[in-house]
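Each value in this text was obtained by applying a stated rule to the coordinates, not by laboratory testing. Worth saying up front: this structure is predicted, and the values here are computed from it rather than measured. Don't worry about glycine lacking a Cβ; one is built from the backbone with ideal geometry, like all the others, and counts go over all protein chains shown.
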Amino acid sequence: MPFFWKRNSHISLLALIMATLLPAFSYGQKTIYIDELKEGTLFFMMDRCQFAFATNTDQPVSDLDVEGLDWFEVDRDRYHNFGRPKGKLWMRFSVTNDSDHETELAFIFGNHTINEIALYHHTESGPQHLHTTGSGYPFSSRPYPFFTYVFPLQFDSKEVKEYLLSVDAKGELMVFMPLMLVPQQLKLQNDRSYTALGIFIGIIVICGAFNFFLFLFLKERIHLLYALYAIVAIWCLTSMVTMDFQFFFPDHPQFIYPSRFSANFLYLVFLLLIMQRFLRQTAKNSKMYWPTIVFIIANAVCFLLEWIFGVPRWPAAWSDIHYSVLRMVHFCSFLVIFLSCIEKIRQGYRLAWLFLCAVLVLLIGGVLTIVNTLGWLDWHTILMPPTPLAMGMVIEAMIICFGILYRYHLLKREKERLSLELQDHKLTVAQEILRVEEEEKERFAQNLHDDLGGNLAALKVAIQRLKVERKVADHLNILVDTTSDMTRRIAHDIMPPEFEKTEFNQLLSAYFNRLSSTGNIRFHFIADEIDGYFTKQQTLMIYRILLELSTNIVKHSKATEATIQLNSYDDYIEIMVEDNGIGFDLSTCKKGMGLRNIESRILFFHGSHAIDSGESGTTIIITLPTQRHDL
Amino acid sequence: MTYKTSILLADDHLLFISGLSTLLAEEQNNYDIFVAHDGNMVLQMVSDQQPDIILLDIGMPGIGGMEVLKYMNRVYPAIKIIMLSSYNDAHLIEKARRAGASGYLLKNCSIEELQRAIADVMEGKLSFPPIVHLPEHNAYTNPIAQQFNLTKREIEIIQLIKEELTNKQIADKLFLSLFTVETHRKNIMHKLKLNSAVSLMKFILDFKL
C-alpha cells in the first residue's frame, strides 16, 4: 500500500528497499512520487530538492562532476531566497512514477526572469540536455508557452527520473518557488492567470478610455494624464509577469528587463503627475511641490537610463547599484506621495484621503509581495496573477479614477457656485447702479419741480404785474405756461407728485386717461391690486417701465388702441402691454435705448420678458417675481 | 370801512410767494395778506391771524399741504382752503377735494383766475379745475367682459377657444406667438378664476360668451 510510506517516506521500509534498487545517485527519501501530486492543486517541492552553487560557471555540463558539488537542502517548501549568487545555481530533484502507466507532469520553476535556465535528465551516463530557455532566449525557446518557465516531464510506468537544473541568475535576486503539477492543473493555472490579467487590463482600459473621452470633452489635463497612466499601468501589469515579452516582442528578449524596470519608473512619473493635479499641489500651497517635481524628474531620468544602459541587462557589476537606486527612487516616490497626501489632508483637502487610500492599496500589494518573497508569508498567488501587486495596481487605478470623477464633480459644483456668486455680484452692482440712478432722478425731479417750477410760477406772477401791452403780456404768458408745462411733465414722468401716498393703480389710471385724451391712441388699463408687493422704489420702476412702453407705443406704433394690464399671480406680477400697431422688427429695434432701459429694470427684479411683434401689433409680456414685503 | 378778506399764503418758494402777495395787494386793496413758508408756520399763523382763506401749496417741506389741509378741516372747518399746485393731476385734485379743500389752483394760473377762485370760495362755492372724464375704459358691449375685466383680445381668444382651436391655431390666426396666446389663456383662466379647459368650456356655455 503505497499510501503508507508516501507520508512517512524517510522511515519507510519500502523506501529503503527502493533505495537499494535505484541508481546510486538517486536520493530516495527525497524523491517526489507522482501520486502525491493528485492530492493538492500545486505541489510545492522546494524541500524535495538539493541545491549547489557552481564555482566554475564556464565548465561544460558534460564535464560536471555532479556528485562532487557541494549539495545542500532547504527546509522550506515554497519560497526561498538564495541571495545574489555570483555564478550558477544547480538544483536537482527526482521523481518516481509508481503507477503502471505513462504519466506527464509539469515542472514550474517559479520565477520569470532568469538569464538562462537549462533542464537535464541526469542519467548514469551523465546529464542529458532536455531544454534551455531564459530571459536571454526568444519566447519560442520555451518548452511550454507560458509566461513563467514550465517544463513538461514524461515518465514511463514505474520510472524514476532524476533531473538536474542549471540556473543562471547573475545579478538577480534568486528567489523562486519550484512546483510541480499535473497537466490539467497547469491548464487551469494557465487559464486563471491569463483571465485574471485580462480582467485587470479590461478594468484599467475602461477607466483609461473613460478619462480619455472626458479629456476630449472637458479638455482637463488630469483626464489625459490618467489615460496615459492607464496605458503605463497596463504595461506594468504585463511586464511584471513578462507577458509583454510573450505577446509584443517574443523574439527580442533583450527588452525584457528594460521594459520591466522602465515601466515601473514611468508608472511613478504619471502617478506623481496625477497626484499633483489631483491634490492641486502648487509651489505656493505646498512644501511638497518641489520634492514631487524632483521625483517626477528622477523617475523620468531613470526611465531613460533603463533604456540607455539597461539593454539587454545592466552589467553584473552594476547590478547592486542599479537595484539600490531603483529601490530608493521607488521608496522615496511613495514617501513623497504619502507626505503630499498627509500635507493636503492637514490643510483640510478631504479628497487627499482618497488618493492616499489608492496608493496604500498598491503599497499593501507591494509589501505582501516582498514579505512573501522574503519567506515570511507563504502565498503562492504572488507568482501568478491575480497577484497581490497586480490587484493593488488595479484597485488603485479604480480608486484614482473614481477620485478624479468625484473631484471633477466637486470642482464643477464649486465652479457653478462661484459663477452664481459672480452673477449675483454683477446683478447686485447693476442693481446698485440703477438704484443710485433712480435716486438721482428723484432728486432731479424734486429740484425741477421745487426750484424751477417755483421760479416759473413766480415768473408768471411777475409777468402779470408788468404793465405792458396786452399782446406782449399774452406772449410772455404763453411762453411761461408752456415752459412750466414741460417742466411739470418731465418731473411728473420721473416721479409723480405724492407718489408714495397715492394708490398705484389710481396714478396709472390717471396717467393713461391723460394719454388717451391727449393723443390718438385709446389706452385701456386693467389692473389687479399690486400695492404691498413691492417697495416704493420697485413700484417706481414698474411705473417707469409702463411709461417707457406707453411712450414707445405713442411714438412708434401707429396704433389706435392699446391695452395695458397688470395681473397679479401668486408669486409674480405680469405686465402685459398690447397695441394694434404696425409692430417692429425685433432684430433692429432690440438695442433701442428704451427697451434696454426696460431690460435693465426687469433684471433688477430678476424678472423676464417676451416680445411678440408682428402683423397684429406688438405684445410685450413682462414677469416680475414678488416677495411680499409685509410678510 | 369795507371788510378786508384776510388771506394766508403758504408756500416755501419765496420768490413766488412774495410776487404773489404783491400782485394780490396791487390788484385789490381789500385783501389782508399774510405769508407762511412751511406747514408749521401755517399752523401757528392760523391761530394768531384767523384768516378767512388759505392758499396752500401742496408740496411744502415738513408738514405738507395735504396734512395741513386735513388738520385745518378738522380744527378750523370755517377757514376756506384753496390748494396751490403745479400739477393738474386728477388724483391730486380728487384728493384735495376729498380732504375738504374748497378749491384747487394751478400755480401758473392768471391773476383773474386767482381772483375768481378767491371770490367763489368766499361766497361758499367750490372752485376746482374741470377733470377730463373719459368714458369707461372697458366700454365693451359685453357685460361679462366688463364684469371680469376681460380685454377685447381675450374675448377674441375665448371665441376661438369655443371653436375648439388649439393654442397654436389661435396663434396663427391672430398673428401672435404661441407664448402670447398661452399667456392670454392663462390670464383668462386667472380672471375667470377657472382652473381647467373643461371648466372654461362650461363657463363659455353658461354665460353664452
Per-selection metrics, segment A:218-361 (Cα): Rg and Dmax in Å
16.4, 52
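Where in segment A:107-161 are there GluC sites (Glu not before Pro) that are in a DSSP coil and have at most 10 other Cβ atoms within 10 angstrom of their Cβ?
Within segment A:107-161, the qualifying GluC sites (Glu not before Pro) (loop, at most 10 other Cβ atoms within 10 Å) are A:124.
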Using a 10 Å cut-off around each Cβ, can you sort A:401, A:332 from fewest to most neighbouring Cβ atoms?
A:332, A:401
Largest first and in whole Å, give the semi-axes of chain B's equivalent ellipsoid, each being the square root of 5 times a Cα gyration tensor eigenvalue.
57, 16, 16
Residue A:490 and residue A:371 label points (each 7 Å along its Cα→Cβ direction) are spaced in nm at 9.1
The residues B:199, A:239, sorted from fewest to most surrounding Cβ atoms within 10 Å, come out as B:199, A:239
Under a point spin-label approximation (7 Å from Cα along Cα-to-Cβ), what is the residue B:78-residue A:213 distance to one decimal in nm?
9.7
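For a Förster distance of 45 Å, can you work out the FRET efficiency between the beta-carbons of residue B:147 and residue B:63, rounded to the nearest 0.05?
For R0 = 45 Å, the calculated efficiency reads 0.55.
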In terms of the ratio Rg/(2.2 N^0.38 Å) built on C-alpha atoms, what value belongs to segment A:194-271?
1.17
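Given the Cα-Cα distance of residue A:440 and residue A:76 and 0.36 nm per residue of separation, how much length would full extension add, in nm?
121.5 nm
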Hey, got the dipole for chain A? About the Cα centre, +1 on K and R Cβ, -1 on D and E Cβ, debye to the nearest 20?
1600
When the Cα centres of segment B:146-207 and segment B:91-123 are compared, how far apart do they sit, in Å?
48
If the viscosity is 0.890 mPa s and the temperature 25 °C, what Stokes-Einstein diffusion coefficient in µm²/s follows for segment A:503-631 when Rh is the Kirkwood radius over Cα pairs?
165
Name the long-range amide H neighbours of residue A:131: under 5 Å, sequence gap of 5 or more, or other chain; modelled H, no Pro or chain starts.
A:119
Quick one: go through segment B:157-173 and flag any residue whose amide nitrogen is under 20 Å from the point 7 Å out along the Cα-to-Cβ line of residue B:198.
B:161-167
Please report, in whole Å, how far the alpha carbons of segment A:143-193 spread along each principal axis, starting with the longest.
41, 30, 17
Amide H contacts of residue B:127 (H built 1.01 Å from N, under 5 Å, at least 5 apart or other chain):
B:103, B:104
Long-range Cα-Cα pairs in the protein assembly as shown (distance over 52 Å), rounded percent
54
Return the subset of A:555/B:168; B:168/B:208; B:95/B:186; A:415/A:441; A:467/B:4 for which the Cα-Cα distance in this structure is over 29 Å, preserving the input order.
A:555/B:168; B:95/B:186; A:415/A:441
Starting with the fewest neighbours, write out A:376, A:353 ranked by other beta-carbon atoms found within 10 Å of each beta-carbon.
A:376, A:353
Spacing of the two label points (7 Å from each Cα toward its C-beta) at residue B:40 and residue A:284, in nm
5.9
Rg [Å, one decimal], Dmax [Å, integer] - segment A:26-154, C-alpha atoms:
14.9, 43
Taking 0.36 nm per residue of separation and subtracting the Cα-Cα distance, what length does fully extending residue A:501 through residue A:311 add?
58.9 nm
Helix A:504-518: angle to the longest alpha-carbon principal axis of chain A, degrees 0 to 90, nearest 10?
60
Spelling it out for residue A:613: with amide H atoms placed in the peptide plane at 1.01 Å from N, the residues 5 or more places away or on another chain with amide H under 5 Å from its amide H are A:619
Which of the aspartates and glutamates could a cross-linker bridge to residue A:471, judged by Cα under 19 Å and excluding same-chain residues fewer than eight apart?
A:481, B:112, B:113
Degrees between helix A:289-309 axis and first principal axis of chain A (Cα, 0 to 90, nearest 10)
40
